[in-house]
Each structure stands twice: as structure tokens, then as C-alpha cells.
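Each remark here refers to the structure printed beneath this line.
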Amino acid sequence: MRKIIVDTDPGQDDALALMTAFGAKEQLVVLGITCVAGNVPLDLTSVNALKICELSGVFDVPVFLGSATPLERKLVTAEHVHGKTGLDGTELRVRNKEVELTSAMDFIIECAEKYRDEKITICALGPLTNIAKVLTKNPGVTGAIDEIVLMGGGFFEGGNITPAAEFNIYVDPEAAKIVLDSGVKITMLPLDVTHKTLVQRDFLEKLRKSGKNSAREAAKLLDFFERYDVEKYGSQGGPLHDPNVIVYLLNPAIYKGKLVNVEIEINSELTRGMTVVDWWRVTNRKPNAYYINDVKDDKFFEIVLNKVLSLEI
């Protein structure tokens, strides 16, 4: 069983990723959830993480507060996509769970030391600020991290917050550069693959008709979330980005990609946060990421549905 830490800025698609991870108890051990500012400010992302834990019937996974601002930039958020709470579409409340006193960064370092022999996997669903701070504060943790699997970037699909940049990388490009330069094994699930996992009508109907409250609430969240992307892209459904990170861990065989060099643009305002992917290996730069650009979408939705419906409530 793989021990994971989910670093996140919930977000409706982050919510589905967490629910998928919670439903995969036979394959994944969720050590904790570390929150970062991104889709909405930190005070909301942390509350949203608590809400999703309670919605999923999960009370034994701790939630930690991380970075409220990027390393060097003013925070950019995405309420225009996720709504003012980050989880618009339904009314979820927190009744029985609170954030921990330990910081997200200290928790990651503690886990890295505790499980140094087994190693941990970091699932990054938002801006990479927390992880960059960990790698900067304690470079020795790199030997204890088996892999960082992140949702971020875009090459063939371009960007979704600017023509050049995907949102998570754009929010904190300096942090993304630190992570990609760290030497840790990295797998990237960019827009190039997440735009192939478009929410399907039958998937939503199965959630709604499951008889489980958590699944019905998940469908409400997705109904709100996808309305922005459907209008933006003219597609039949919105892309379900973040669950790809969890599904990749559960079944990497349904994905295809290539080990390449990825650099982050941090100087140009025009292309801030651009992921410059040497897909055709036209430079001599050393490969630093397994960059995924294809997925069997039917298998993806089958796994998400199965894990969400396996939740107890």
C-alpha cells in the first residue's frame, strides 16, 4: 500500500480526487491533507478539506494549514471557476473536525523522516508552494519521497488561466521551478491529459442515483464546476482535472506519456508559468519529469465512480 500526502486547494475537482483516494483504502494510505492557497484563499481551502473529509465519512485523516501566499507573487485565485467558497454547488458544513496545529510543511517533513525506509508519495493538486518550502527548508527529504505526482502544466493544450500557463503553475511559478529542479521523481498530469477526462452525463447520473449522500453531493459539486468549462470550451462536459493524480496511482497502465525535460518560465509576464516541455528532445536538457498526455477515459471514470461509491455514507 502506498503512503500518500494530498497537498491541495479544494476546489470541486480536488474534492473528487480526495473522495477517490478515501475510497481506495486497499491501495492507498492517506497520511494527511496539506492545504495551500490557490483556487480560493487558504482559510477557505482548509475548511473545504474538512468538509470533504466529513462528507466522505473520514475522520481519521488530519488536515494541516500550509502557505497563504505564493513564494514571491501576489495570490491569484479562481472564484470565477469554483465559486466564492471554492465548493459552490452545494451546502456542506464542518461539525466534528478541525485543522491541526502543526504546519503543513512540518507535517510533510515529519512524515518523510518517519517513513524514510518505506518512502512517501506527495499528490499535488494545487500550487506547489508548500512542497517547494519543504524542499528548500530540508533538502534531505528528497531521499524519503518516492514520487511527486502533480496536476499542473500544459503543452499541447496551452494554458487555462493565460494562453501560455495552467493555473496551478501560474499561481506560483517559482515554487514549480524549485520542485522540478529538485531531483525527486516527478509525474505530471497536465491539461493535455485532463482535457481528455470530460465529465460524462451517465457518470453524473450514476452518482445521483447511487443512494449515497456523498455521491449525490459530489454530483452537485460537478454540476456547478463544469458549467464554466462547458461554456469556455464548448465541450459536452468539463474536464475533471485533479482526480487524474489519484487514478494514476491506482492504475498507471491506463495512461501514456514520456520522460522529458520540463522548465518553468518565471521571468516573462507574457508567458509567466509556462511549462516548456521538450517533448521532441530538441535540447540537451536532462529529463526531469514523466509527462503524461493520454488516458483511457472510460477506465478513468470507472475507477473514480467505483471508489466514490465505495465510501460508507
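Bear in mind these aren't lab numbers, they're just calculated from the coordinates by the rules spelled out. Worth saying up front: this structure is predicted, and the values here are computed from it rather than measured. Cβ: placed from backbone, ideal geometry, glycine included. Neighbour counts: every protein chain shown.
Can you list residues whose amide H is under 5 Å from A78's amide H, if they're 5+ apart or on another chain and H is modeled 1.01 Å from N?
V40
Just flag the trypsin sites (Lys or Arg not before Pro) in the range 113-209 sitting in loop per DSSP whose Cβ has no more than 12 other Cβ atoms within 10 Å.
Taking the range 113-209 and a limit of 12 other Cβ atoms within 10 Å, the loop trypsin sites (Lys or Arg not before Pro) found are K209.
Amide H neighbours of T275 under 5 Å, counting only residues 5+ apart in sequence or on other chains, H built in-plane at 1.01 Å?
G154, E166
May I ask you to derive the FRET efficiency for E100 and T142 from their Cβ-Cβ distance with R0 = 30 Å, giving the value to the nearest 0.05?
After rounding, the FRET efficiency stands at 0.80.
Can you give the direction-averaged projected area of the convex hull of the alpha-carbon atoms in the range 2-309, in nm²?
If you wrap the Cα atoms of the range 2-309 in a convex hull and average its projections, you get 14.5 nm².
Rounded to whole Å and sorted largest first, what semi-axes of the equivalent ellipsoid does the C-alpha gyration tensor of the range 34-134 yield via the square root of 5 times each eigenvalue? Numbers along the way, then the final one.
Numbers: eigenvalues 107, 71, 22 Å².
Working from the Cα gyration tensor, I get semi-axes of 23, 19, 10 Å.
Each residue of the range 54-64 in order: what ³J(HN,Hα) in whole Hz does its phi give by Karplus 6.51 cos²θ - 1.76 cosθ + 1.60, θ = phi - 60°, with x for Gly and Pro?
Values per residue, Gly and Pro as x: 5, 4, 8, x, 10, 10, 9, 9, x, 10, 10 Hz.
When the chain is fully extended, how far beyond the present Cα-Cα distance does N213 get from K25, taking 0.36 nm per residue of separation?
On the way: separation 188, 0.36 × 188 = 67.68 nm, distance 1.93 nm.
Taking 0.36 nm per residue and subtracting the Cα distance, the gain is 65.8 nm.
Show me the trypsin sites (Lys or Arg not before Pro) within the range 277-310 that DSSP assigns to loop and that have at most 12 other Cβ atoms within 10 Å of their Cβ.
In loop regions of the range 277-310 (DSSP not H, G, I, E or B), the sparsely surrounded trypsin sites (Lys or Arg not before Pro) are R281.
Have a look at the DSSP beta bridges in the chain and tell me what percent are antiparallel, nearest 5.
30
For the modelled label position 7 Å from the Cα of N306 along Cα-to-Cβ, which residues of the range 171-202 have backbone nitrogen atoms closer than 16 Å?
none
Run the simple label-point estimate for D117 and D294 please: 7 Å along Cα→C-beta, distance reported in nm.
So the two model labels end up 4.2 nm from each other.
Can you list the HN-Hα couplings for the range 102-119, worked out from phi with the Karplus curve (6.51, -1.76, 1.60; θ = phi - 60°), rounded to whole Hz and with x for Gly and Pro?
Running phi through 6.51 cos²θ - 1.76 cosθ + 1.60 with θ = phi - 60° gives 5, 6, 4, 5, 5, 5, 4, 5, 4, 5, 4, 6, 4, 10, 4, 6, 7, 6 Hz.
With a cut-off of 8 Å between alpha carbons and a minimum separation of six or more residues, what is the relative contact order of the range 164-252 in percent?
The value is 31 percent.
Taking the alpha-carbon distance from K206 and a cut-off under 27 Å, which lysines remain once sequence neighbours fewer than 8 residues away in the same chain are dropped?
K25, K51, K196, K220, K232, K296, K299, K307
What number comes out for the charge environment of K296, summing +1 per Lys or Arg and -1 per Asp or Glu over other residues with Cβ under 12 Å away?
Residues close to K296 contribute a combined charge of -1.
Between K185 and R201, what is the label-to-label distance in nm when each label sits 7 Å out along the Cα-to-Cβ direction?
A separation of 4.2 nm, rounded to one decimal place.
So what is the relative contact order for the range 38-121, in percent, with contacts set as C-alpha pairs under 8 Å and at least six apart?
So the answer I get is 39 percent.
List the GluC sites (Glu not before Pro) within the range 1-89 that fall in a DSSP loop (any state other than H, G, I, E or B) and whose Cβ has at most 15 other Cβ atoms within 10 Å.
E26, E72
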